[in-house]
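Here, each number is a calculation from the coordinates, and none is a lab measurement. Given the structure is predicted, the values throughout are model-derived calculations rather than measurements. Note that we place each Cβ from the backbone using ideal geometry, even for glycine, and neighbour counts take in every protein chain shown.
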Amino acid sequence: MQLELSEERTRLREAAEQFARSALGKDLARRERTGEFDRDAWRRCAEFGVLGMPIPPQFGGMGLGLSDLLAVMEGLGRGTRDQGLLFSLNAHLWTNSIPILKFGTAQQKDKYLRPLCDGSLIGANGASEPDAGSDIFSLRTRALRDGDGYVLTGTKMFVTNAPVADLFVVYATVDPALGATGITAFIIEKGTPGLRVGRKLEKMGLRTSPMAELIMEDCRVPASQRLGREGRGVPVFECSMEWERGCILASCLGAMERQLEECLAHARSRKQFGKPIGKFQSVANRLVDMRVRLDTCRPLVYRIGELKDAGRDATTEAAIAKLHVSECYVKSCLDAIQVFGGYGYMTEQLVECDLRDSVGSTLYSGTSEIQRNIIARGLKL
Amino acid sequence: MNDIRSVLRAYILENLLPGEDPSNLTDDTELKESGILDSMSTLKLVTYLEEQFAIEFAAADLEPANLSSIAALQRLVQSKL
């Protein structure tokens, strides 16, 4: 596999980084405190083309391959500290745009993909429930057949983007006795009678990405809004997760690069006991560990791009990358705080914000424990 | 029927029971309750059978009783041909 990015991808990454530095992360310290989504930044991302990158041109996108998109996400992660916004972008892309592209009918693609690309629709995903997190296939939301449609009833938890979303991809079961083979995906538009966004959820990190409960009470959805076949919601969900696991970490990779650069600059300029703190082996070793982690993470992320661009399955590889990068990210964030000392612990510098964001990466898109389960399955254990 | 049976046996032994003595897998071996077929592997097996035999299962076809053993799966596939 190629360990260095091609010139073209390097240019893409640099362009994304420049864009992020100039257009994203405005007033972040305040918005991070108040948990405020940056709708203007979302619009700017759409104008830059981020929301349409993996979508073919006939549906309003750019038709780029996954490896190109990873380079862009890495650049964005490096260029802005607003990881919440990047998390929202990822949720939108992998739980709405890609599943609709892969499993949608011609009408669904025509109706939804273009506005999802140009930013006029924001997508959210309703999968997790109060009692169905890692065991997602035990979900209880019911979809009862009713003439030419379904009536959905249930509550979804941890719905990223819910407070600002226009479109929801929701999973429900047509018959709990069928287990995974009863789960069915639906596209539901905001304003559909019986659908409402519940209480906003406050999070430890990724606070600029809004999250809420989603409640369906006798919510009638025509069969034309079913995404994929009845009882085949699991492949839709798995498709979402495979892409999300692969891509969401590219922005973490960028964040780790930015973090290392900031730590190196601080270690070179901050003097204690008469010399730069980087000259002390105990500090230098932390920076060395951060660099080693970064260099072991990058190939794992880009391997997913190569596999998916070649049309190959990347289930195990995505889980390996998700597990390794997220856990490395947390460790590097802790190291960064130690390098910055008391200043790293103060909220105004936002060094601690990286740590709070990083903890989320070991939980979303499947916890580290779930990633290990997937890898074990790949080993046929 | 024998063809369906051999396709099922080959798939299960290769993907779900690697290293298992083939003689331990009988037509009546319980697949669901024994944990051989979990949520994900059920979906993969069903998709494989649809592709292999150019058939389509409805959600209601996939009730646990129809997935409980090789014999039950064999009957289910046969009913769609």
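Assorted remarks:
- Rounded to the nearest 20 debye, dipole of segment A:123-231 from Cβ charges on Lys, Arg, Asp, Glu: 260 debye
- Residue exposure sequence - A:HIS324, A:HIS92 - by fewest surrounding Cβ within 10 Å: A:HIS324, A:HIS92
- With 0.36 nm allotted per residue and the present C-alpha distance subtracted, the A:THR296-A:ASP135 stretch has 55.0 nm of extension available.
- Annotation for segment A:291-322 versus segment A:29-89: alpha-carbon center distance of 20 Å.
- Going from the residue with the fewest nearby Cβ atoms within 10 Å to the one with the most, A:ARG298, A:ARG33 rank A:ARG33, A:ARG298.
- Note that segment A:85-92 has calculated 3J(HN,Hα) couplings of 4, 5, 5, 5, 4, 5, 4, 4 Hz, one per residue in order, obtained from phi through the Karplus relation 6.51 cos²θ - 1.76 cosθ + 1.60 (θ = phi - 60°); glycine and proline are x.
- 0 to 90° range, to nearest 10: angle between helix A:233-269 axis and chain A longest Cα axis: 20 degrees
- Summarising the label geometry, the points placed 7 Å from Cα in the beta-carbon direction at B:SER79 and A:GLU189 lie 3.9 nm from one another.
- In plain terms, chain A is cut at each of the GluC sites (Glu not before Pro) found in a DSSP loop with at most 12 other Cβ atoms within 10 Å, and the longest leftover piece is A:5-201.
- Of A:SER240, A:SER209, A:SER224, the residue with the greatest mean-square motion in the GNM of chain A, using alpha carbon springs below 10 Å, is A:SER224.
- A convex hull fitted to the Cα coordinates of segment A:20-61 yields 74 cubic angstrom per residue.
- Whole-percent P(r), segment A:102-259, all Cα pairs, 10 Å bins from 0: 11, 39, 37, 11, 2, 0.
- Exercise: per-residue mean of other protein chain Cβ atoms within 10 Å, A:174-185: 5
- Relative contact order of chain A, taken over Cα pairs closer than 8 Å and 6 or more residues apart, is 17 percent.
- Sum of side-chain charges, A:CYS353 neighbourhood, beta-carbon under 9 Å (Lys, Arg +1; Asp, Glu -1): -1
- Scattering profile of the protein assembly as shown at q = 0.11, 0.12 Å⁻¹ [log10 I(q)/I(0), Debye over alpha-carbon scatterers]: -0.90, -1.05
- Sorted largest first, the principal axis extents computed over the alpha-carbon atoms of segment A:234-378 equal 59, 26, 23 Å.
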